[in-house]
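Novice: Here's a structure for you.
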Amino acid sequence: MKGLIVKGIGGFYYIETAAGLIEAQGRGIFRKQGLTLCVGDEVEVSVLSAEEKKGVIEAVLPRRNHFIRPPIANVDMLIVTFAAKSPKPNFPLIDKLLIWAQAQGLEPLICINKCDLVSAAAVSALAAIYEGAYPVVTASSKTGAGLEKLKAHISGKKAALAGPSGAGKSSLLNALHPPAEMETGQISQKTQRGRHTTRHVEIFAVEGGGRLFDTPGFTSLELPEEIDERELRHYYPEFDAPARDCRYDDCQHLKEPDCAVRAAALAGTISPQRYQSYIYLYEELKDKRKY
Ligand code: GDP
Ligand code: ZN
């Protein structure tokens with residue numbers, strides 16, 4: 001029977017199947033193969049005891065992607081979350097997460113949280129930085145603003161939250177949690193000892209048909225080594241249209257003559273903030289390569 005690993009605690013996995021939630025371990029061969037089961041894995045499970053809802057994971061279906069830290073698989077969307085205020089947005093860090101998501105083939109979504117702390121004008125100004133490049137949701141896990149929109153974006157997908165610490169990722173996760181989490185709730189009571197002594201990863205169903213990984217990972221990161229600074233411009237989707245008018249086809253949009261991207265940033269038709277952040281990351285990548 002096919003199922004989805006929705007929770008993993010110290011070698012025990014909880015599989016959502018048509019026959020309900022099943023507790024299972026992976027076959028011994030997985031370890032020999034160096035295969036670590038991940039929450040988000042689609043698996044073939046055989047039921048040993050229908051009564052106790054116990055089984056064995058026989059096989060892992062092909063993964064669209066998987067990550068080691070946190071150990072999750074088949075991630076569709078990365079919700080890059082930052083606070084409108086406290087902490088102050090760190091624009092290069094946000095761009096790093098966006099670039100990383102694109103490099104991994106994850107669909108990026110910008111979520112500006114804590115919008116209750118600033119004026120509507122300030123929220124619009126922040127959203128304007130990313131609009132045109134990525135979908136943007138302005139939200140407040142405190143007031144509930146934007147959560148319906150967020151649910152709509154997650155619908156049909158497996159999403160993970162990323163962003164600096166203090167941005168409100170845990171709060172968003174709690175706010176998006178459906179109240180009817182009874183089944184996994186009961187399981188976690190049974191394994192409460194495990195829950196408190198072992199790190200566990202879980203994926204929650206979100207109202208509207210999406211799923212959200214409960215992971216503290218993806219908070220800050222280095223740009224992937226394999227990204228060359230000369231390729232960086234391709235990770236800024238809003239540069240594509242103006243770049244067609246640059247004098248040189250391989251324009252890096254730095255100090256080249258007749259650079260239409262730089263002109264667009266000066267004119268404000270693309271976000272000067274993003275352009276600044278591009279130059280900052282370009283230099284960072286270039287310096288890194290020197291060593
Ligand atoms: P995380 O580190 O990204 O998981 O952030 P947390 O969810 O732990 O939130 C950090 C702090 O911000 C906590 O004190 C939350 O109560 C607060 N917080 C989270 N979301 C909001 C929000 O939408 N508005 C306000 N005013 N505070 C928030
Ligand atoms: Zn250019």
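The values are calculated or read from the model by the stated rules, or taken from the named source; none is laboratory data. Only a predicted model underlies this, so the values are computations on that prediction, with no experimental measurement involved. Cβ atoms come from the backbone with ideal geometry, glycine included; neighbour counts cover every protein chain shown. SASA here: full protein model, heavy atoms, side chains in, ligands and nucleic acids out. Shrake-Rupley method; radii C 1.70, N 1.55, O 1.52, S 1.80 Å.
Novice: Suppose we look only past 24 Å in the calculated P(r) of the chain. What percent of the Cα-Cα pairs does that tail hold?
Specialist: 57 percent
Novice: Leu61: net charge of surrounding residues, Cβ under 13 Å, Lys/Arg +1, Asp/Glu -1, itself excluded?
Specialist: Value of the local net charge: -1.
Novice: Also, quick follow-up: Which percent, nearest 5, of DSSP beta bridges in the range 58-151 are antiparallel?
Specialist: 10 percent
Novice: How big is the range 1-65 in terms of Cα radius of gyration and Dmax, in angstroms?
Specialist: Looking at the range 1-65, its Cα Rg and Dmax stand at 10.7, 34 Å.
Novice: Let me ask something else. For the range 46-152, what D do you get in µm² per second when you plug the Kirkwood radius from alpha-carbon pairs into Stokes-Einstein at 37 °C and 0.692 mPa s?
Specialist: 203 µm²/s
Novice: Would you mind checking the pairs Lys85/Lys290; Lys114/Lys157; Lys53/Lys149; Lys114/Lys255; Lys53/Lys169 and listing those with alpha carbons more than 26 angstrom apart?
Specialist: Cα-Cα > 26 Å for Lys85/Lys290; Lys53/Lys149; Lys114/Lys255; Lys53/Lys169; rest within.
Novice: Pull up the DSSP beta bridges for the chain and report the antiparallel fraction as a percent, rounded to 5.
Specialist: In the chain, approximately 55 percent of DSSP beta bridges are antiparallel ones.
Novice: What aspartates and glutamates sit close enough to Lys142 to cross-link, taking a C-alpha to C-alpha distance under 17 Å and skipping anything fewer than 8 places away on the same chain?
Specialist: Asp116
Novice: Next question. Mind telling me which of Lys142, Lys114, Lys32 comes out most flexible in a GNM of the chain, alpha-carbon contacts under 10 Å?
Specialist: In this elastic network of the chain, the residue with the biggest mean-square fluctuation among Lys142, Lys114, Lys32 is Lys32.
Novice: Using Cβ-Cβ distances only, list the Cys residues of the chain with no partner cysteine under 4.7 Å, sorted by number.
Specialist: Cys38, Cys111, Cys115, Cys259
Novice: Hey, another quick one. Please identify, among Ala264, Ala167, Ala84, the residue showing maximal mean-square fluctuation in a Gaussian network model of the chain using a 10 angstrom Cα cutoff.
Specialist: Ala264
Novice: When the chain is treated as a GNM, springs tying every alpha-carbon pair under 10 Å, which of Ala128, Ala139, Ala101 comes out with the largest mean-square fluctuation?
Specialist: With Cα springs under 10 Å in the chain, the top fluctuation among Ala128, Ala139, Ala101 is at Ala128.
Novice: Ignoring ligands, DNA and RNA, what accessible area per residue does the chain give at 1.4 Å, in Å²?
Specialist: I get 50 Å² per residue for this part.
Novice: Let me ask another. Can you give the helix-only mean residue ellipticity at 222 nm for the chain, where every DSSP H stretch with n ≥ 4 adds -39500 (n - 2.57) and the sum goes over all residues, rounded to the nearest 500 deg cm²/dmol?
Specialist: Taking each H run of at least 4 residues, the total per residue is -9000 deg cm²/dmol.
Novice: Using a 1.4 Å probe on the protein heavy atoms, what percent of the accessible area of the chain belongs to carbon and sulfur?
Specialist: 52 percent
Novice: What aspartates and glutamates could a cross-link reach from Lys286, if we take a straight Cα to Cα line under 18 Å and drop same-chain neighbours fewer than 8 places away?
Specialist: Once the sequence-local aspartates and glutamates are set aside, what remains near Lys286 is Asp95, Glu222, Glu225, Glu226, Asp228, Glu229, Glu231, Asp250, Glu256.
Novice: Please report, in debye to the nearest 20, how large the charge dipole of the chain is about its Cα centre when each Lys and Arg carries +1 at its beta carbon and each Asp and Glu carries -1 there.
Specialist: 780 debye
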